[in-house]
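Input: a single structure, listed below in C-alpha cells.
The values are calculated or read from the model by the stated rules, or taken from the named source; none is laboratory data. A quick note: this is a predicted structure, and the numbers were derived from the prediction, not measured. Counting neighbours? That spans all protein chains shown, and the Cβs are built from the backbone with ideal geometry, glycine included.
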Amino acid sequence: MDKFTIKNMNLYYGKFHALKDVNLSMQENKITAFIGPSGCGKSTLLKSLNRMNDLVEGCKITGDIRLDNEDIYGNMDVNILRKRVGMVFQKANPFPMSVYDNIAYGPRTHGIRKKSELDEIVESSLRDAAIWDELKDRLKKSALGLSGGQQQRLCIARALAVKPEVLLMDEATSALDPISTGKIEELCLKLKDQYTIIMVTHNMQQALRIADYTAFFLLGEMIEYDKTDQIFSNPKEKKTEEYITGRFG
Amino acid sequence: MDDKEIKEIAAINKITFAQRMREYKRKPLSLVMFILVVLAAALSVLALVFLIVYILVMGVPNLTPDLFAWEYNSDNVSCMPAIINTVVITLLTLVIAVPFGIGAAIYLSEYAKRGNKLVKVIRTMAETLSGIPSIVYGLFGMLCFVTAFSWGYSILAGAFTLAIMVLPTIMRTTEEALIAVPDSYREGSFGLGAGKLRTVVKTVLPSAMPGILAGVILAIGRIVGETAALIYTAGSTTGLVDGVMDSGRTLAIHMYMLANEGLHTNQAWGTAVVLLVLVLGINTLSSFIAKKLSSKK
C-alpha cells in the first residue's frame, strides 16, 4: 500500500529550482532509499515529507504530497504531521538533558504526563532502538556523554517514542563508524515491520543492503525509481548506471 | 625518524625551559610577544589587586558596629538603610527589565525573520542605548518619571530609570546566548512535533540559561554601582524606604554623598568595602544559580 504519494512536486529555494517535477510513491512497511550525488535534492525532498522545509526561509513548494491520501500541505496540523512522520538527522542531536528526558520529550509534548506511562514508553522505545541494555543504568545521566553511535540510536529511540508511522532518516549513519552503522542498519530491518522507513544515503552499499526500493536523483530530478535489486543490477537509465558503477558522483 | 625528531614532536605537549629558549633564539619576535602578553596580564591583575587591597586597607578599620546601625543619623552615618535600599532597588529593576529584555531577545532571535528590517533597527538602537552616559538616563528619568508622572523622588522612578538603562545589556546578551544555541536542538524539537512555544521554553531557553544569567549579572553590577542615574530619580534621603514611592539612597549614592560632603571620608571607605563585598556576594550567588540550573539539565 502507498504510504506517501508525491505528485508533480516542485521546490524552490528563492530563485533556485531545487526539485523538478518529482513523482514518487513510497510503500508502507518498506525501506525506501534516496541516492544521488551531493546537492541533487534528496535531503530536500526528505525534509519536505515532514515539512521541516517550512523552517527554511524562501522555500516554496508546489504540487501535491499526500500521507495516507491526505494532503500534508493542506489542512493537516504540521505538529501532528511531524508526530506521524518522525525524523532522524544526519548528526545526532540529543537535547542537553538526561537520557530519560530526551526520550520523554516527544510524549510529554503530546500530552502524556503520567510517570508510569512515560517510564513504559522510555523503556519500550529504547528496547525498540536496541539500546536499552546499554543505557538502562544511566537513564538519569546526560545524553551528551554518550558515544556518537549511542547518541544516534538514542535519537532513533526518541523519534520512536511518539509512535510515528513513518521514519525519515537523513544520512543517519554518515557520521558513524562501521560497527555503529551496522547496528543501525540491523535496527532498520527490524523496524520496518512496524514503520515505513524512508532514508537518504550517500552509501550505495547501504541502500543495496537494506532498502527495498531505491530512487536515484540527479540535479533536482528523479531519474529512476524501482526495486533496489532492479536499480543496482539492471538500471534502465544510463545516468543511473553511470552513478552506481562509480563513473561520477 | 631519529631521536631528535621524536623529541621535537613530544615538545608540542611539553616544552622544557632550555627548549623554549632555543626556540626564542631562532624567533626573537615570539619572545617579545611572550613578554608583552605576560606583562599585559600581570599589569591588569596588579591594578585590580592594588585597588582591592587599597580599599580593604582604608576601609576595614572603619567597619565599626555604628556603621551597621539600623537607624541612620549624622553621627553614625549608618549604611544599613542604604544596603537594604540597594537590594530593593536591584530587585525592583530586575523585575521590570528582565521580562522585557528576555522577551525582546526571544522575539529577535526566534520569531523575527532573519534579516528583518525591524530587527536591525532594534539592534542598532540597543547598541546606541548601551553607549549613552548614565547621567542622560538620570535626566530622562527625572523629567519623565519624577516630574511628568508626578512620582516624585522615589525608588520606583529610580528602578524604572535603571531598568531602561540595563534593558539593552540584558537584551543583547540574551540574544547572543539564544543565537549560540545550535539549530539542531530546534530541529530535533520541531521534528518531534513540538510547537514554537514548547521548543523555545523547553529546549532553547534552558540551553541558553548560563548566557542569559551572565547578562543579568552584568546588569546587577551596573545597578549596584550606579549613581548618576539615581541621584535625580530615587533621590538621596538617608532613611530606609517604606514603600516604592519613598525616596532612598543606594550604597553607591551613600558613598558618593559621604565622600562629597567631606565630613565622613573614613566611613565612605568603610562603605566601599561593604559595596565590594555585596557585589562579590551577588556574583557568587548568581554563578551558583547558573551552575544549579545547567546541572539540572
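Scanning region B:151-158 finds one or more residues that are at pLDDT below 95, on the phi < 0 side of the Ramachandran plot and β-branched (Val, Ile, Thr). Candidates are the residues of region A:61-84 that are facing chain B (nearest Cβ under 9 Å) and in contact with a strand residue (DSSP E or B) (Cβ under 8 Å, 6 or more places away or on another chain); the one that is farthest from A:Gln151 (Cα to Cα) is A:Leu81.
Taken together, the residues in region A:38-78 that are within 20 Å of A:Glu165 (Cα to Cα) and exposed (fewer than 12 other Cβ atoms within 10 Å of the Cβ) amount to 5. Restricting region B:196-240 to residues that are in a helix (DSSP H, G or I) and charged (D, E, K, R), the residue that is farthest from A:Lys163 (Cα to Cα) is B:Arg222. Being assigned to a loop (DSSP other than H, G, I, E, B) and under 23 Å from A:Met9 (Cα atoms) is a property that does not hold for A:Lys163.
Of the residues making up region A:123-133, those that are part of a helix (DSSP H, G or I) and either within 14 Å of chain B (Cβ to nearest Cβ) or small (Gly, Ala, Ser) (or both) are A:Ser124, A:Ser125.
Filtered by the rule that a residue be in contact (Cβ under 8 Å) with a residue 12 or more places away in the chain and surrounded by fewer than 19 Cβ atoms within 10 Å (Cβ to Cβ), region A:198-222 gives A:His202, A:Asn203, A:Leu208, A:Arg209, A:Asp212, A:Leu219, A:Glu221.
Hey, can you tell me all the residues within region A:156-166 that are closer than 16 Å to A:Lys47 by Cβ and within 11 Å of chain B (Cβ to nearest Cβ)? If the condition is that a residue be closer than 16 Å to A:Lys47 by Cβ and within 11 Å of chain B (Cβ to nearest Cβ), then A:Ala159, A:Pro164 are the ones that fit. Considered as a group, the residues in region A:87-111 that are of a type in the set (Ser, Thr, Tyr) and more than 30 Å from A:Thr44 (Cβ to Cβ) include one that is nearest to the other protein chains (Cβ to nearest Cβ), and that residue is A:Ser98.
Checking A:Lys141, A:Lys136, A:Lys114 one by one, the residue that is within 14 Å of chain B (Cβ to nearest Cβ) and not aliphatic (A, V, I, L, M) is A:Lys141 and no other.
Checking each residue in region B:33-72 for being among the small types (Gly, Ala, Ser) and more than 27 Å from the chain's Cα centre (by Cα) picks out only B:Ala69.
Among the residues here, B:Val200 qualifies as among the aliphatic types (A, V, I, L, M) and over 30 Å from B:Leu280 (Cα atoms).
Candidates in region A:26-58 are the residues that are among the basic types (Lys, Arg) and more than 11 Å from chain B (Cβ to nearest Cβ); of these, the one that is nearest to B:Ala194 (Cα to Cα) is A:Lys42.
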